[in-house]
2 protein chains.
Amino acid sequence: MTGKRSPKVTAVDVAERAGVSLSAVSRYFTPGASVSKKTAAKVARAAEELRYRPNVLARSLITGRSRIIGLVVAYLENYFYPEALERLSNALQERGYHVLVFMASQTAGNVDREVQEILDYQVDGIVVASVALSSELTLRCQAAGVPVVLFNRIQDMEGISGVSSDNHAGGRAVAELLLAGGHQRFGYIAGWEGASTQRDREAGYCEGLKAAGQTIWAREVGDFHQETTRRAAREMFDVAPCSRPDAVFVANDHMAIAVMDVLRFELGLDVPRDVSVVGYDDVPPAAWPAYALTTVRQPADRMVAETVGILLDQIANPRIPARRVVIEAQLVLRRSARLPKEVV
Amino acid sequence: MTGKRSPKVTAVDVAERAGVSLSAVSRYFTPGASVSKKTAAKVARAAEELRYRPNVLARSLITGRSRIIGLVVAYLENYFYPEALERLSNALQERGYHVLVFMASQTAGNVDREVQEILDYQVDGIVVASVALSSELTLRCQAAGVPVVLFNRIQDMEGISGVSSDNHAGGRAVAELLLAGGHQRFGYIAGWEGASTQRDREAGYCEGLKAAGQTIWAREVGDFHQETTRRAAREMFDVAPCSRPDAVFVANDHMAIAVMDVLRFELGLDVPRDVSVVGYDDVPPAAWPAYALTTVRQPADRMVAETVGILLDQIANPRIPARRVVIEAQLVLRRSARLPKEVV
DNA sequence: ATGAAAGCGCTAACAA
DNA sequence: TTGTTAGCGCTTTCAT
């Protein structure tokens with residue numbers, strides 16, 4: 001078999017061979033168009049023999065629909081995102097869409113160029129994971145009639161849909177758990193401070209502490225980044241035992257795992273005897289027995305389902321207003337945080 | 001600001017406003033075309049005011065190049081792949097390409113439908129990660145003139161490029177390490193047996209053992225899947241101490257981590273005192289101190305660079321023959337495997 | 001360096 | 001139900 005490259009087979013070729021018109025071929029490949037059984041059979045046969053497949057790009061030039069969804073994503077090293085990506089892609093694939101990936105430059109703020117490029121591809125919709133959009137860009141998407149859904153982020157901007165878990169309630173639940181566990185000195189390791197998720201988690205945590213007359217005892221910033229987080233953890237815990245927190249809430253699991261490693265392997269502390277650690281997300285490694293991380297579960301499946309739902313609704317009917325969906329987040333109790341006596 | 005959707009701005013609109021011809025606009029947006037400074041300025045201005053951007057889909061209809069690379073991927077829960085995907089996408093983005101993702105149905109073999117769909121999008125090239133292709137499909141891609149590169153898999157089929165690490169040598173190096181560590185009973189937990197990576201790693205391991213007059217003492221299959229692997233580990237290690245392996249090579253890190261957890265937390269064994277564990281890939285969690293997994297590093301960066309290199313070469317010149325690249329894999333020594341005395 | 005015109009592969013009126 | 005025709009938004013000869 002030589003590597004000879006056959007000339008491109010078009011619908012015209014199929015039409016000729018089948019002895020029908022170009023439109024007949026087009027109709028055969030358009031779901032729900034009217035073709036008689038007889039012509040359908042003729043087209044089917046010719047198409048099969050010629051190994052013809054419609055060119056979706058040419059099609060979308062006319063229909064105005066590319067069946068491509070642009071996805072902007074930044075932190076694939078946070079294992080919440082690969083999982084979300086897999087589910088998102090699968091859900092969209094089932095409905096005949098596909099995902100075009102755009103990696104956001106790690107340097108925040110530069111998402112704008114990516115989004116512009118996405119628009120160039122005539123995508124039918126955009127999912128932005130874990131980053132925010134400038135209002136300028138938002139406007140552009142709206143002008144282009146391309147719906148945008150923020151995944152795992154909420155933005156108070158007209159016309160921008162968003163799906164997230166209830167970060168505020170989640171943060172508050174962590175505070176209550178830690179309080180009930182009889183802890184005294186509460187640490188917090190923040191994610192990147194520009195992120196709404198980070199802010200909401202922290203606000204909920206503080207509010208929960210405050211309701212019990214407590215406040216944060218120590219605070220560091222980990223920027224959603226493991227190395228930065230390790231430094232933050234050393235800063236917070238490599239001190240005299242009496243001034244060291246006995247509980248710490250870390251803005252996500254990815255960082256919390258780094259914190260646990262520093263605590264146990266660098267500082268020789270026991271988790272949870274010396275320090276309770278709680279994360280956020282419930283990524284798969286949080287469930288690995290070596291960590292058994294108590295955390296707040298973000299239901300990726302439901303978040304993806306909502307994201308897809310909003311997006312497809314808006315594609316089908318552009319006049320549907322933007323929706324912001326906040327999904328309940330559940331505490332997942334494992335071994336990294338001391339429990340109140342009664343619960344045990 | 002109302003959500004009014006502006007009518008689509010085309011190159012004709014820009015031409016009119018700039019007082020030039022359609023071709024002038026096209027040339028302005030075509031790198032390396034001849035436009036005078038004066039017209040360029042006029043077009044630039046009009047385009048800016050109208051917020052015009054070329055429609056890449058319409059362009060590719062003519063040029064025959066979509067600047068889209070199709071990626072078929074299956075196991076995003078193996079953290080080797082998110083990392084690879086991120087690097088791949090970044091590398092391609094730098095060269096003006098973008099990745100269209102196709103999740104392969106978990107049931108192997110059905111990749112064919114995905115690849116066909118990819119072809120429909122007129123992609124310029126295809127990367128297939130972690131799965132094999134039928135010869136039928138391979139032929140189709142060739143006929144369509146679309147180069148295919150297998151990532152992390154090698155297939156002995158004419159016209160199919162592939163990039164992988166040296167799985168055979170890697171497996172052999174593991175055997176030698178374990179032998180040097182003074183182990184006596186060698187276990188192996190296999191990945192999915194249809195995978196060439198799995199077969200090569202096992203073959204190398206066996207060969208290494210054989211060279212020292214040893215053989216595999218116990219063997220189970222984990223299918224690249226954590227739950228299956230946990231069962232396999234119980235089967236292998238929940239036996240009388242005298243008949244239990246004192247070293248085990250697991251076909252990848254994702255599985256090796258599950259094995260370590262079963263060993264330590266279910267069976268109460270110490271790693272590496274009771275059992276040495278070695279994995280393959282060197283995914284980020286392998287370096288987390290809680291595992292400190294000795295493993296074989298697959299250099300994702302180099303593998304991606306080679307993949308992109310082959311792909312772009314073949315896109316640029318379709319007559320370039322398929323290339324198979326095998327990249328050296330390095331042993332990474334951590335704490336999960338006992339070391340020979342001299343090395344310590 | 002520029003414009004006119006042809007056409008990429010397809011769908012969507014419109015007539016028949 | 002079927003075929004004819006006119007484009008979708010752009011690039012690319014070919015003249016000028």
Check your understanding: Of the residues that make up segment A:32-43, is at least one out of contact with any Cys (no Cβ under 9 Å at 6 or more places or on another chain) and away from DNA strand D (no atom under 12 Å from the Cβ)?
Key -> no
Exercise for review: Considering only residues that are of a type in the set (D, E, K, R) and more than 9 Å from chain A (Cβ to nearest Cβ), look in segment B:51-66 and name the one that is farthest from DNA strand D (Cβ to nearest atom).
Suggested key: B:Arg65
Exercise for review: Filter segment B:181-196 down to residues that are over 21 Å from B:Lys210 (Cα atoms) and of a type in the set (A, V, I, L, M, F, W, C) and give me whichever is surrounded by the fewest Cβ atoms within 10 Å (Cβ to Cβ).
Suggested key: B:Trp192
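Regarding segment A:26-35, can at least one residue be identified that is within 30 Å of A:Gln314 (Cβ to Cβ), within 12 Å of chain B (Cβ to nearest Cβ) and either touching a residue at least 24 places away in the same chain (Cβ under 8 Å) or not in a loop (DSSP other than H, G, I, E, B) (or both)? First the steps, then the outcome.
To start, the set of residues in segment A:26-35 that are within 30 Å of A:Gln314 (Cβ to Cβ) comprises A:26-27, A:29-34.
So of that shortlist, the ones also within 12 Å of chain B (Cβ to nearest Cβ) come out as A:29.
Filter once more, keeping what is either touching a residue at least 24 places away in the same chain (Cβ under 8 Å) or not in a loop (DSSP other than H, G, I, E, B) (or both): A:29.
The answer is yes, given that some residue of segment A:26-35 is within 30 Å of A:Gln314 (Cβ to Cβ), within 12 Å of chain B (Cβ to nearest Cβ) and either touching a residue at least 24 places away in the same chain (Cβ under 8 Å) or not in a loop (DSSP other than H, G, I, E, B) (or both).
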Practice item. Check segment A:303-326 and report whether any residue there is more than 17 Å from the chain's Cα centre (by Cα) and closer than 20 Å to A:Leu178 by Cα. Key: no
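Among residues belonging to segment A:36-52 that are without any contact (Cβ under 8 Å) to a residue 24 or more places away in the chain and not β-branched (Val, Ile, Thr), point out the one that is nearest to DNA strand C (Cβ to nearest atom).
Restricting to residues being without any contact (Cβ under 8 Å) to a residue 24 or more places away in the chain and not β-branched (Val, Ile, Thr), the top hit is A:Ser36.
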Revision key, fill the gap. Picking from A:Ser23, A:Ser89, A:Ser60, A:Ser66, the residue that is closer than 30 Å to A:His254 by Cβ and either of a type outside the set (Asp, Glu) or more than 9 Å from DNA strand C (Cβ to nearest atom) (or both) would be A:Ser89
Practice item. Examine segment A:246-254 for a residue that is within 29 Å of A:Met303 (Cβ to Cβ), within 12 Å of chain B (Cβ to nearest Cβ) and assigned to a loop (DSSP other than H, G, I, E, B), and state whether such a residue exists. Key: no
Check your understanding: In segment B:95-104, how many are facing chain A (nearest Cβ under 9 Å) and not aromatic (Phe, Trp, Tyr)?
Key -> 5
Review point. Do you know which residues across segment B:276-315 are in contact with a Pro (Cβ under 7 Å, 6 or more places away or on another chain) and not in a helix (DSSP H, G or I)?
Key: B:Tyr291
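Could you tell me whether segment B:78-94 includes any residue that is within 8 Å of chain A (Cβ to nearest Cβ), closer than 30 Å to B:Thr307 by Cβ, assigned to a helix (DSSP H, G or I) and among the aromatic types (Phe, Trp, Tyr)?
yes
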Check your understanding: Name the residues in segment A:105-129 that are facing chain B (nearest Cβ under 10 Å), of a type in the set (A, V, I, L, M, F, W, C) and surrounded by fewer than 22 Cβ atoms within 10 Å (Cβ to Cβ), would you?
Key -> A:Leu119
Check your understanding: Taking segment B:95-115 only, how many residues are assigned to a helix (DSSP H, G or I) and either of a type in the set (S, T, N, Q) or in contact with a strand residue (DSSP E or B) (Cβ under 8 Å, 6 or more places away or on another chain) (or both)?
Key -> 3
Check your understanding: Residues in segment A:30-46: is at least one at negative phi, under 16 Å from the mean Cα position of the chain (by Cα) and surrounded by fewer than 19 Cβ atoms within 10 Å (Cβ to Cβ)?
Key -> no
Study note, to complete from the structure: Of the residues in segment A:255-275, those that are aliphatic (A, V, I, L, M) and in a loop (DSSP other than H, G, I, E, B) come to A:Leu267, A:Leu269, A:Val271, A:Val275
Exercise for review: Please work out if B:Pro54 is within 30 Å of B:Gly125 (Cβ to Cβ) and surrounded by fewer than 15 Cβ atoms within 10 Å (Cβ to Cβ).
Suggested key: no
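Every residue, every condition in (1) out of contact with any Asp or Glu (no Cβ under 9 Å at 6 or more places or on another chain); (2) on the phi > 0 side of the Ramachandran plot, yes or no:
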| position | (1), (2) |
| --- | --- |
| B:Gly70 | no, no |
| B:Glu83 | no, no |
| B:Gln93 | no, no |
| B:Val99 | yes, no |
| B:Arg113 | yes, no |
| B:Glu117 | yes, no |
| B:Gln122 | yes, yes |
Check your understanding: Given the conditions (1) modelled with pLDDT of 95 or more; (2) within 12 Å of DNA strand D (Cβ to nearest atom); (3) not polar (S, T, N, Q), and given that B:Glu48 satisfies all but one, which numbered condition is not satisfied?
Key -> (2)
Exercise for review: Out of the residues in segment A:10-20 that are surrounded by fewer than 16 Cβ atoms within 10 Å (Cβ to Cβ) and more than 8 Å from DNA strand C (Cβ to nearest atom), state the one that is nearest to the other protein chains (Cβ to nearest Cβ).
Suggested key: A:Glu16
Point to revise | Single match in B:Arg140, B:Arg87, B:Arg95 (criterion: surrounded by fewer than 21 Cβ atoms within 10 Å (Cβ to Cβ), touching a Leu at 6+ places or on another chain (Cβ under 8 Å) and more than 22 Å from A:Gly96 (Cα to Cα)) | key: B:Arg95
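Within segment A:61-75, is there a residue that is more than 30 Å from A:Leu133 (Cα to Cα) and either without any contact (Cβ under 8 Å) to a residue 60 or more places away in the chain or among the polar types (S, T, N, Q) (or both)?
No, because not a single residue in segment A:61-75 is more than 30 Å from A:Leu133 (Cα to Cα) and either without any contact (Cβ under 8 Å) to a residue 60 or more places away in the chain or among the polar types (S, T, N, Q) (or both).
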Exercise for review: Could you grab me the full set of residues in segment B:302-328 that are surrounded by fewer than 20 Cβ atoms within 10 Å (Cβ to Cβ) and more than 14 Å from chain A (Cβ to nearest Cβ)?
Suggested key: B:Arg302, B:Ala305, B:Gly309, B:Leu312, B:Asp313, B:Ala316, B:Arg324, B:Val325, B:Val326, B:Ile327, B:Glu328
Revision key, fill the gap. Filter segment B:261-301 for residues that are under 15 Å from B:Thr229 (Cβ atoms) and acidic (Asp, Glu); the one that is nearest to the other protein chains (Cβ to nearest Cβ) is B:Asp261
**Study point:** Selected residue (criterion: farthest from B:Trp288 (Cα to Cα)) from residues of segment A:196-240 that are in contact with a strand residue (DSSP E or B) (Cβ under 9 Å, 6 or more places away or on another chain) and among the polar types (S, T, N, Q)
**Key:** A:Gln214
Review point. Given the residues B:Arg201, B:Arg234, which is the only one that is surrounded by fewer than 24 Cβ atoms within 10 Å (Cβ to Cβ) and either in a helix (DSSP H, G or I) or modelled with pLDDT under 95 (or both)?
Key: B:Arg234
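The values are calculated or read from the model by the stated rules, or taken from the named source; none is laboratory data. These numbers come from a predicted model, not from an experiment. Methodologically, a virtual Cβ is constructed for each residue, glycine included, from the backbone with ideal geometry; neighbour enumeration extends over all protein chains shown.
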